[in-house]
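Before any comments, here is the structure.
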Amino acid sequence: MAGRECPLEAAPLPAEVRESLAELELELSEGDITQKGYEKKRAKLLARYIPLIQGADPCLPSLTTAAPKPQRSRPTNSRDERFRSDVHTEAVQAALAKYKERKMPMPSKRRSVLVHSSVETYTPPDTSSASEDEGSLRRPGRLTSTPLQSHPSVEPWLDRVIQGSSTSSSASSTSSHPGGRPAAAPSATTTVLAGLAAHTHIDLHPAPPDVTTGLVEHSHYERPQVASVRGVPRGYSGSILETADGVPVNSRVSSKIQQLLNTLKRPKRPPLKEFFVDDFEELLEVQQPDPNQPKPEGDEMAVLRGEPLAMGTPWPPSLLGALQCWGTTHPKAPCLTALDTMGKATCTLTYGKLWSRSLKLAYTLLNKLTSKNEPLLKPGDRVALVFPNSDPVMFMVAFYGCLLAELVPVPVEVPLTRKDAGSQQVGFLLGSCGVTLALTTDACQKGLPKAQTGEVATFKGWPPLVWLVIDGKHLTKPPKDWHPLAQDTGAGTAYIEYKTSKEGSTVGVTVSHASLLAQCQALTQACGYTEAETLTNVLDFKRDAGLWHGVLTSVMNRMHVVSIPYALMKVNPLSWIQKVCSYKAQTALVKSRDMHWSLLAQRGQRDVSLSSLRMLIVADGANPWSISSCDAFLNVFQSRGLRPEVICPCASSPEALTVAIRRPPDLGGPAPRKAVLSMNGLSYGVIRVDTEEKLSVLTVQDVGQVMPGASACVVKVEGPPYLCKTDEVGEICVDSIATGTAYYGLLGITKNVFETVPVTEGGVPVSERPFTRTGLLGFIGPDNLVFIVGKLDGLMVVGVRRHNADDVVATALAVEPMKFVYRGSLCSL
């Protein structure tokens with residue numbers, strides 16, 4: 001073999017390798033890579049073809065091995081000297097010489113991924129064995145070369161390589177010389193492949209029978225170990241595939257790359273129409289009304305007008321005028337009695353003390369509070385009243401002190417924590433009202449969260465406030481010649497009452513001085529209040545009926561109010577009944593919950609008498625569950641002096657104040673009535689009388705007649721405010737001076753609520769004066785009695801049917817331990 005001359009000049013190079021080499025040449029010429037990087041990448045591309053040459057050429061004894069030997073891992077910086085012969089170097093350089101002259105097109109990023117990966121995924125022998133990790137991926141033994149006759153595709157592949165190499169070489173030589181002058185040197189690749197074919201007795205254009213005989217002769221030669229493939233797991237033998245250029249590639253790598261390409265080709269977001277395939281057409285489809293559903297059949301209702309206010313009654317000209325009159329003429333008359341949690345009277349405020357303390361507070365607010373040598377407050381400014389439910393005395397002093405100083409009180413709840421969710425909405429209301437001062441007591445201020453400086457912490461959502469303690473020692477006595485200039489008979493704002501909607505937002509309802517005076521006069525006439533009468537109040541005295549009856553109307557009539565704190569009701573639910581007996585109260589102001597708790601705790605209380613009561617006002621009589629509490633309370637306490645006509649449910653709202661109240665017969669009120677209504681008809685907004693024997697009925701009680709001096713009507717819930725028919729349920733609207741005037745700072749919803757103009761079916765307005773929406777759903781029954789079946793905030797619309805959340809509450813409250821449900825409390829959902 002030493003005497004033979006080796007014809008090998010270059011290795012057989014497939015098309016994709018030639019393209020890669022051309023790209024390397026282009027990158028080197030453009031300066032994208034260095035000379036060292038170029039040589040390293042070129043050696044990596046050509047290294048995998050050296051074993052093929054060695055297996056087919058026996059004239060290279062220094063490059064072949066007789067038997068496979070296990071390879072040892074070498075250091076990273078070691079170099080494999082097995083293939084560093086001069087013949088190999090010269091052959092490779094001669095084969096690549098023509099590519100330097102060839103003008104290749106610009107490389108494209110969209111090359112065949114299969115071809116590109118088949119070259120890059122193989123590691124050349126001189127670098128793959130340098131790492132222990134890469135060596136672990138190599139199969140433990142060498143691949144034994146198979147006879148060439150077992151690969152019938154070798155000859156066509158060599159033929160394609162030779163033809164492609166000759167063609168590309170000729171084209172490269174021609175294009176690299178201007179004028180088309182051909183290159184003088186023949187194709188090195190053609191010479192190499194021709195020599196290889198001659199050395200292995202392969203005719204480049206043989207007849208089919210001669211191919212096999214020429215290949216059998218050298219079948220005993222073994223192929224050296226193929227370079228390891230990066231990323232192929234141990235023990236995996238992938239099948240060999242061919243690309244479009246005839247290059248064998250690993251099927252596993254190709255499938256993974258192809259899967260990645262398919263994934264990348266998919267759009268990142270689905271088309272827009274795919275977002276609307278969820279029964280969108282069915283949702284937009286308008287439900288057809290049930291032909292069998294009940295429909296209103298009555299005539300169009302007329303506006304219901306209440307009795308006029310008694311003009312000849314000698315009422316005080318104003319509320320502050322009444323306070324001054326009682327404070328000077330009856331200074332020792334009891335005005336308010338506060339109880340502690342044990343039921344004992346802690347303080348009794350007289351009308352004289354109320355007048356003097358209110359004057360001190362008004363003088364202090366106007367003359368002793370300064371900011372930068374200027375008064376902190378001006379007439380018309382809003383002031384927050386922060387008092388607990390257990391201190392009605394100081395609240396009453398603060399309220400009337402603000403009225404005397406021509407300030408607008410804004411009663412709010414005491415914030416429990418710095419980040420209380422409910423107080424955040426209240427803080428938003430205070431900020432919108434421009435409140436800068438908060439009045440409180442010494443005990444309440446000590447219980448508020450403090451900052452590190454010792455001052456009251458700033459609550460989340462609240463504006464910066466100045467806290468003023470209004471206990472007696474903190475107030476300044478006014479001079480004898482000082483008199484307040486308050487005029488409480490005009491259209492100016494008297495106070496602002498907060499209201500929380502079903503979404504959780506808080507708004508402020510403004511009540512003018514004229515509305516305040518008219519409300520006190522209407523309640524006095526409707527309830528028949530007289531001087532020196534005793535009233536037991538269980539409600540919150542800062543808002544709603546607790547404020548209207550227990551703080552305002554009581555002062556106008558020089559009444560004595562006994563305030564029952566809520567903490568006492570938790571400990572002793574019978575406390576209000578006991579105080580009615582002890583103080584011989586003529587009027588009691590409660591809710592249906594208080595009556596219900598009293599029933600649970602009344603056992604063993606035999607010395608209780610309610611014969612002194614002439615009115616038991618149920619403030620939440622508009623709720624569907626109140627009738628059960630009223631009936632059960634009457635059945636138990638009727639034997640203890642309670643008369644049936646004493647129970648007087650009423651209906652009210654923050655916007656319209658008191659809407660209606662039932663009056664005893666001695667005050668001219670009609671007999672109370674109950675209505676047994678079909679819940680199926682109510683779900684369609686239609687009134688259908690049913691029988692009590694059925695369970696699918698709702699029994700409601702009347703809330704009396706419309707307030708004196710007011711007019712009422714029922715309008716449709718949806719759309720323009722058309723008048724309802726006589727057998728149709730709608731929203732009750734009220735026209736009266738004794739209503740709220742606006743939502744503070746909210747002109748848009750103010751117009752929709754406080755300036756509603758009901759119209760007839762023909763579009764004619766029913767009155768020149770605007771009406772106020774109450775938010776109460778109901779109808780006008782016999783004897784002009786008002787019936788309430790729910791609230792607009794609790795309305796739930798399912799399809800075309802309407803249900804009310806109050807029915808769910810009524811069902812839950814009506815369930816007893818024995819699982820008995822009161823009739824009329826079942827929800828129709």
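The values are calculated or read from the model by the stated rules, or taken from the named source; none is laboratory data. Just so it is clear, the model here is predicted, and its values are computed rather than measured. Here Cβ is always computed from backbone atoms with ideal geometry, including for glycine, and neighbour counts include all displayed protein chains. Only protein heavy atoms, including side chains, enter the accessible area calculation; ligands, DNA and RNA are left aside. Shrake-Rupley method; radii C 1.70, N 1.55, O 1.52, S 1.80 Å.
Computed with the Debye formula from one identical point scatterer per Cα of the range 360-513, without solvent, the log10 of I(q)/I(0) at q = 0.10, 0.18, 0.20 Å⁻¹ comes to -0.35, -1.15, -1.40.
Each residue was assigned an accessible area with a 1.4 Å probe, and for Asp32 the value is about 100 Å².
Take the Cα of Leu667, go 7 Å toward its beta carbon, and the backbone nitrogen atoms of the range 298-329 under 15 Å from that spot belong to 307-310.
Projected label points at Tyr566 and Lys372, each 7 Å from Cα along the beta carbon direction, are separated by 4.0 nanometres.
Inter-label distance, Lys450 to Ala491: 4.9 nm, where each label sits 7 Å from its Cα along the C-beta direction. Overall size of the range 315-433 from C-alpha positions, given as principal axis extents largest first: 44, 43, 28 Å.
A viscosity of 0.692 mPa s and a temperature of 37 °C, combined with the Kirkwood radius over Cα pairs in Stokes-Einstein, give a translational diffusion coefficient for the range 703-806 of 228 µm²/s.
Eigenvalues of the alpha-carbon gyration tensor of the range 463-561, scaled by 5 and square-rooted, set the equivalent ellipsoid semi-axes at 24, 23, 16 angstrom, largest first. Extension gain for Ala302-Asp471 works out to 55.5 nm (0.36 nm per residue, less the C-alpha to C-alpha distance). Legend: calculated FRET efficiency, Ala632 to Lys502, from the Cβ-Cβ distance at R0 = 25 Å, rounded to 0.05, equals 0.30. Checked against a 31 Å cut-off, the cross-linked pairs Lys477/Lys570; Lys368/Lys542; Lys460/Lys480 give Cα-Cα distances beyond that limit for Lys477/Lys570; Lys460/Lys480. Give the shape of the range 317-359 as rounded, prolate or oblate, defined through the alpha-carbon gyration tensor: a ≥ b ≥ c are the square roots of its eigenvalues, a/c under 1.5 means rounded, and otherwise the shape is prolate if a/b is larger than b/c and oblate if not. Cα axes put the range 317-359 in the prolate bin. Equivalent ellipsoid of the range 585-629: semi-axes from √(5λ) of the C-alpha gyration tensor, largest first, are 19, 15, 7 Å. Each residue was assigned an accessible area with a 1.4 Å probe, and for His483 the value is about 120 Å².
With viscosity 1.002 mPa s and temperature 20 °C, the Kirkwood radius over alpha carbon pairs of the range 449-504 converts through Stokes-Einstein to a diffusion coefficient of 131 µm²/s. Working from label points 7 Å from Cα in the Cα-to-Cβ sense, the Val689 to Thr348 distance is 5.1 nm.
For the residues Glu728, Glu531, Glu768, Glu16, a 1.4 Å probe over the protein chains yields an accessible-area ranking, largest first, of Glu768, Glu531, Glu728, Glu16. Applying a threshold of 30 Å to the alpha-carbon distances of Lys378/Lys579; Lys372/Lys450; Lys332/Lys360 flags Lys378/Lys579 as lying beyond it. The accessible area of Phe771, taken with all protein chains in place and a 1.4 Å probe, comes to roughly 0 Å². Placing R0 at 56 angstrom, the Cβ-Cβ distance between Lys480 and Ala457 gives a FRET efficiency of 0.85 after rounding to 0.05.
Using the Cβ-Cβ distance between Ala43 and Leu264 with R0 set to 30 Å, the FRET efficiency from 1/(1 + (r/R0)^6) comes to roughly 0.40.
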